[in-house]
Amino acid sequence: MGELLDDKFFADPHEYYRRWRAAGPVHRVDFGDGLDRWLILGYEQGRAALADSRLRKDIDLFEQVLARKRGVPRVNPRPREALRHMLNSDPPDHTRLRKAVARAFTARRVALLEPVIERTTHELLDAMGEFERVDLLAAFAVALPVTVICHLLDVSIDDHDAFRTWTRALVGTDDPETDRARAHHDMVRFLRNMLREKRVHPGDDLLSQLIIDDEARLDDQELVGMALLLLVAGHETTVNLIGNGVLALLRDRPWLARLHADPGLIPGAVEEFLRLDGPVDLATPRFTVEPITVGDTVIPAGEVVYVALAAGNRDPAHYADPDNPHPDGEHNAHLAFGHGMHFCVGAPLARLEARIAFGALLRRFPDMRLAVPESELRWYPNPVIRGLTELPVRLRPEPH
């Protein structure tokens, strides 16, 4: 049986990765359901696996693999639309779906979002400035990307709070399965209605562009699944990039001071935040369609495999001094956004949001400090998403 992932793992997965890596680049784990998964830990091995066609993602075949391993069929409580997107598909469907998003998610469209990101950032920081102590996640790191992704899809501002609630339920594994299923159903119902409206009154938003893309020929399930993927993945990745990055700076005051003094270093720092404690710990699951060899280990066909992006990003065989920030972070070629055909299509937007967010945050509040002992911080018990539940900070020095 694989080693059980417990609360200590979620608090500091790197301690576990260092120990496991000493035994080789692959390790078996149990997420708490008695089902073994394989984790690939090494940078080179993980990068190769992310581009290996013998590791598949097709959701229908994946459900069959899980049913065989469990010995009984699994009834997935999520609506079918929640599963029909490019992260759960292989070519040729993946190729068609990704091309559609790439056409709608162009560099021009991302660049046009910069004024929205700048304006939203300053509005949120103005509101935060009214307080001495805030939860930086709720007040800033969550609010910024949900506003931007809803703008991209033309979601009314009145619905932003609902999307925050739904996405938190979807990634927080301390929520019951029934709550996550309900959040999926509520979100899918909302997106179906939105899709009907866009068909009648298309706009210049991303969803409208996907609807009118005759080359991609997305059906309604694929359209809803793609919108849900963009909302959840596009939002949650940036939330935790900001939250984890701020925590890294609060742990390392000289690094914070250096970035405050020289904002030109922020793009490289963002790459180091992604490498040191990126927003995604394990890449979404794959399954083997034939045996593959990783190091000296043969993983049989029909097995569930995760690439531990966080482990690869601190692999001492690839990085010198892997647990500390590198000043030339913009050249570190990390795996935080994946690799190969499933490389995160929203990476340019996440980087743009993070650069603007950190630049403005450090200009406005260079003296912020943790408001609680770090030992009181809690991480979501989610093997895929790496993020804090709260980040209480004091924005200014306490008066003497």
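Values as computed for the structure displayed
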{"read-out": "Residue within the stretch 206-218 that is surrounded by fewer than 24 Cβ atoms within 10 Å (Cβ to Cβ), in contact with a strand residue (DSSP E or B) (Cβ under 6 Å, 6 or more places away or on another chain) and not hydroxyl-bearing (Ser, Thr, Tyr) present", "value": "no"}
{"read-out": "Considering residues of the stretch 363-400 that are in a loop (DSSP other than H, G, I, E, B) and among the acidic types (Asp, Glu) only, the residue nearest to the chain's Cα centre (by Cα)", "value": "390"}
{"read-out": "Matching residues, the stretch 185-224, being among the small types (Gly, Ala, Ser) and either free of Cβ contacts under 8 Å to residues at least 40 places away in the same chain or under 20 Å from residue 349 (Cα atoms) (or both)", "value": "208"}
{"read-out": "Those residues of the stretch 1-55 which are in contact (Cβ under 8 Å) with a residue 40 or more places away in the chain, part of a loop (DSSP other than H, G, I, E, B) and among the aliphatic types (A, V, I, L, M), in sequence order", "value": "5, 35, 41, 51"}
{"read-out": "Every pair of residues 6+ apart whose Cβ atoms lie under 8 Å, when the first sits in the stretch 259-271 and is among the small types (Gly, Ala, Ser) while the second is buried (at least 18 other Cβ atoms within 10 Å of the Cβ) and outside any helix (DSSP H, G or I)", "value": "269/325"}
{"read-out": "Tally of residues being closer than 26 Å to residue 377 by Cβ, touching a strand residue (DSSP E or B) at 6+ places or on another chain (Cβ under 7 Å), at pLDDT below 95 and not charged (D, E, K, R) across the stretch 2-26", "value": "4"}
{"read-out": "Which listed residue, of 87, 61, is hydrophobic (A, V, I, L, M, F, W, C), more than 21 Å from the chain's Cα centre (by Cα) and outside any loop (DSSP other than H, G, I, E, B)", "value": "61"}
{"read-out": "Matching option when the condition is surrounded by 20 or more Cβ atoms within 10 Å (Cβ to Cβ) and modelled with pLDDT of 95 or more, among 350, 311", "value": "311"}
{"read-out": "Subset of the stretch 330-346 (residues that are closer than 22 Å to residue 307 by Cα, modelled with pLDDT under 85 and assigned to a helix (DSSP H, G or I))", "value": "331"}
{"read-out": "Failed item, numbered, when residue 125 is tested on (1) aliphatic (A, V, I, L, M); (2) within 26 Å of residue 363 (Cβ to Cβ); (3) not in a helix (DSSP H, G or I)", "value": "(3)"}
{"read-out": "Failed condition for residue 327, given (1) more than 25 Å from the chain's Cα centre (by Cα); (2) within 24 Å of residue 348 (Cα to Cα); (3) touching a residue at least 24 places away in the same chain (Cβ under 8 Å); (4) loosely packed, with under 14 Cβ neighbours inside 10 Å", "value": "(1)"}
{"read-out": "Selection from the stretch 128-172 of residues that are in a helix (DSSP H, G or I), of a type in the set (Val, Ile, Thr) and either modelled with pLDDT of 95 or more or closer than 19 Å to residue 354 by Cα (or both)", "value": "146, 147, 148, 149"}
{"read-out": "Subset of the stretch 122-152 [more than 17 Å from residue 237 (Cα to Cα) and surrounded by 14 or more Cβ atoms within 10 Å (Cβ to Cβ)]", "value": "124, 125, 128, 133, 134, 135"}
{"read-out": "Boolean, residue 250 is within 18 Å of residue 325 (Cα to Cα), surrounded by fewer than 20 Cβ atoms within 10 Å (Cβ to Cβ) and touching a strand residue (DSSP E or B) at 6+ places or on another chain (Cβ under 9 Å)", "value": "yes"}
{"read-out": "3 or more residues in contact with a Gly (Cβ under 7 Å, 6 or more places away or on another chain): qualifying helices (runs of 4 or more DSSP H) within the stretch 181-264", "value": "220-251"}
{"read-out": "Subset tally (residues that are of a type in the set (Asp, Glu) and either in contact with a Phe, Trp or Tyr (Cβ under 8 Å, 6 or more places away or on another chain) or in a strand (DSSP E or B) (or both)) for the stretch 265-279", "value": "0"}
{"read-out": "The stretch 280-298: number of residues that are surrounded by 13 or more Cβ atoms within 10 Å (Cβ to Cβ), hydroxyl-bearing (Ser, Thr, Tyr) and part of a strand (DSSP E or B)", "value": "2"}
{"read-out": "Cβ pairs under 6 Å, 6+ apart, first in the stretch 118-140 and closer than 20 Å to residue 249 by Cβ, second basic (Lys, Arg) and modelled with pLDDT of 95 or more", "value": "125/364; 133/394"}
{"read-out": "Which numbered condition residue 58 misses (of (1) closer than 16 Å to residue 281 by Cβ; (2) without any contact (Cβ under 8 Å) to a residue 40 or more places away in the chain)", "value": "(1)"}
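Matching residues to (1) over 23 Å from residue 163 (Cα atoms); (2) out of contact with any Ser or Thr (no Cβ under 9 Å at 6 or more places or on another chain); (3) among the charged types (D, E, K, R):
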| position | (1), (2), (3) |
| --- | --- |
| 189 | no, yes, yes |
| 224 | no, yes, no |
| 227 | no, yes, no |
| 243 | no, yes, no |
| 254 | yes, yes, no |
| 272 | yes, yes, yes |
| 291 | yes, yes, no |
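The values are calculated or read from the model by the stated rules, or taken from the named source; none is laboratory data. The structure presented is a predicted model; accordingly, all values stated were derived computationally and were not measured. Glycine also receives a Cβ, built like all others from the backbone with ideal geometry; neighbour counts cover every protein chain displayed.
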